[in-house]
Amino acid sequence: MVTLSQTHRTIDAIWRMESAKLIASLTRMLRDVGVAEDLAQDALVIALERWPETGIPDNPGAWLMTTAKRRAIDLMRRTKLRDQKYVEIARGMEYKEEDIDQALDGEIGDDLLRLVFMTCHPVLSPNARVALTLRLLCGLTTDEIARSFLVAESTIAQRIVRAKRTLRAEKVPFKVPTGEQRKKRLSAVLEVIYLMFNEGYSATSGDHWIRPLLCQEALRLGRVLSEIAPHESEVYGLVALMEIQSSRFKTRVSATGEPVLLMDQNRAKWDRLLIRRGLAALKRSQELGSTLGPYALQAAISACHAEAPTADETDWIRIAALYEALSRATPSPIIELNRAVAISMAFGPSFGLQIVDELSGEPSLKRYHLLPSVRGDLLVKLGRFGEARTEFQRAASMTRNDREKELLLNRANECES
């Protein structure tokens, strides 16, 4: 028998998959992203109340869309918006529930891209853009976003509230800009799509290690961008990165959903078509730019793994050099941590550990679980198992992802045997 908690977990998973579509569609209707999110949340609340009793519908996305659109109509009745706009939305309610997804197919993709550009408008600060997009497009809670950025939850909550208020006050249009306006916003849009993909590739929290649908949507948006901005090197760099990373999805988790680390994955099961597409996009990026940008550099790193027949044949010296270039292009403690891993693989764990220990005092990494995780791995390679166990336990206490926590605790237990 399905328990209430299991039903709630299922609803949470459905919400993470469907919320961006709901919010994008409602924003198109109402031209107010704050109200759109509120109505989508209302639909979620109704689902939480009803589904445990009635069961989850065959097409939960269509159910949520229908419910949210009904709330939108009720709102427009109360606020007496223009009759024509009401007629347009009401007309959409004539679809049967099972036909709603199909009826919106031609608009959903465009709506999501419009929503990305809207939330990346220059009236918002860079931090506000990112926080709002992770909230709206990735379905993350303020707590999850705060942990991703290593800041207080109240700070993220304030950023999101202010961002929605600013978009409303400035009447930011719900559209994909053209010409110079599009070019000015492109870097922010790329960052948002990159963050979407990363959240799908390694989920911040929950029962699942990966969220493939979120990655697929980020990749689709990247491909669309490459068509409307065909001369931008970094657009192709990001597409290349996502294509190559996506090739590993079948091997990132076991049959039971447990995480499988890169060096342990079955490379024969990597998707060669996605790898070829990624390498082609990387080549295009290199042709367009005199120097590789941050996304193209990361794609080049990913390509090193993709082109190595076995884990032992990986060109770690080249990867370390690419991380050095990436660190210079966009200095970051997290990039430096990744460089430490590459250095350890190329030249030995003691060299990597030296870099990691230098990062231990970095305030922004205080609650970053991968710092003790990497340190624990290096300590294992040096035979310092007692210290490694402590690091893995510390990392497990920091992560919010259940699968990752289990992996880290298993590694801690292995240090005792």
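Residue by residue, here is whether (1) closer than 24 Å to Arg162 by Cα; (2) without any contact (Cβ under 8 Å) to a residue 12 or more places away in the chain holds:
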site: Val33; (1), (2): yes, no
site: Leu39; (1), (2): yes, no
site: Asp42; (1), (2): yes, no
site: Glu49; (1), (2): no, yes
site: Ile56; (1), (2): no, no
site: Asn59; (1), (2): no, no
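Where in segment 249-322 are the helices (runs of 4 or more DSSP H), entirely inside, with at least 2 residues that are modelled with pLDDT of 95 or more?
Answer list for segment 249-322: 272-288, 294-307.
For Ala325, state whether it is surrounded by 14 or more Cβ atoms within 10 Å (Cβ to Cβ) and at negative phi.
So Ala325 passes the test.
Does segment 394-417 hold any residues that are loosely packed, with under 15 Cβ neighbours inside 10 Å and either under 14 Å from Val260 (Cα atoms) or out of contact with any Lys or Arg (no Cβ under 7 Å at 6 or more places or on another chain) (or both), and which are they? Talk me through it step by step, then tell me what you get.
Let us first name the residues in segment 394-417 that are loosely packed, with under 15 Cβ neighbours inside 10 Å, namely 397, 410, 413-414, 416-417.
Listed by number, the residues that qualify are Ser397, Asn410, Asn413, Glu414, Ser417.
Looking at Glu199, is it touching a residue at least 24 places away in the same chain (Cβ under 8 Å), buried (at least 21 other Cβ atoms within 10 Å of the Cβ) and among the charged types (D, E, K, R)?
Taking the combined requirement at face value, the residue satisfies it.
Being under 30 Å from Ser397 (Cα atoms) and out of contact with any Phe, Trp or Tyr (no Cβ under 9 Å at 6 or more places or on another chain), is that true of even one residue in segment 171-191?
Just the residues of segment 171-191 that are under 30 Å from Ser397 (Cα atoms), to begin with: 191.
Remaining after also requiring out of contact with any Phe, Trp or Tyr (no Cβ under 9 Å at 6 or more places or on another chain): 191.
Yes, the conditions are met somewhere in segment 171-191.
Identify, please: which residue in segment 163-180 is under 23 Å from the mean Cα position of the chain (by Cα) and assigned to a loop (DSSP other than H, G, I, E, B) and is, among those, farthest from Val35 (Cα to Cα)? Don't jump to the end; show me each part of the working.
Let us first name the residues in segment 163-180 that are under 23 Å from the mean Cα position of the chain (by Cα), namely 163-164, 167, 174-176.
Narrowing further to those that are assigned to a loop (DSSP other than H, G, I, E, B): 174-176.
Working: Phe174: 14, Lys175: 17, Val176: 20 Å.
Once the filter is applied, the top-ranked residue is Val176.
In the set Thr310, Thr251, which member is β-branched (Val, Ile, Thr) and more than 23 Å from the chain's Cα centre (by Cα)? Step through it out loud before you land on a result.
On the way: Thr251 fails: more than 23 Å from the chain's Cα centre (by Cα).
So the residue among Thr310, Thr251 that is β-branched (Val, Ile, Thr) and more than 23 Å from the chain's Cα centre (by Cα) is Thr310.
Of the conditions (1) within 17 Å of Ala24 (Cβ to Cβ); (2) surrounded by fewer than 18 Cβ atoms within 10 Å (Cβ to Cβ), Lys164 fails just one. Which one is it?
Lys164 satisfies all of (1) within 17 Å of Ala24 (Cβ to Cβ); (2) surrounded by fewer than 18 Cβ atoms within 10 Å (Cβ to Cβ) except (2).
If you take the residues of segment 352-370 that are in contact (Cβ under 8 Å) with a residue 24 or more places away in the chain and among the hydrophobic types (A, V, I, L, M, F, W, C), which of them is surrounded by the most Cβ atoms within 10 Å (Cβ to Cβ)?
It comes out as Leu353.
Within segment 206-237, count every residue that is at pLDDT below 90, crowded, with 19+ Cβ neighbours inside 10 Å and touching a Lys or Arg at 6+ places or on another chain (Cβ under 7 Å).
3
Scan segment 293-323 for residues that are under 18 Å from Tyr236 (Cβ atoms) and in contact with a Leu (Cβ under 7 Å, 6 or more places away or on another chain) and jot them down.
Hits for segment 293-323 are Pro294, Tyr295, Ala296, Leu297, Gln298, Ala299, Ala300, Ile301, Ser302, Ala303, Leu322.
Please note which helices (runs of 4 or more DSSP H) are completely contained in segment 337-417 and include at least 2 residues that are touching a Cys at 6+ places or on another chain (Cβ under 6 Å).
It comes to 385-398.
Would you be able to tell me the number of residues in segment 38-89 that are surrounded by fewer than 14 Cβ atoms within 10 Å (Cβ to Cβ), in a helix (DSSP H, G or I) and at pLDDT below 80?
So the count comes out to 9.
Exactly one of (1) closer than 15 Å to Val116 by Cα; (2) modelled with pLDDT under 80 is unmet by Arg147. Its number?
(1)
The values are calculated or read from the model by the stated rules, or taken from the named source; none is laboratory data. Computed from a predicted structure; not experimentally measured. For neighbour counting, all protein chains shown are included, and Cβ atoms are generated from backbone atoms with ideal geometry for every residue, glycine included.
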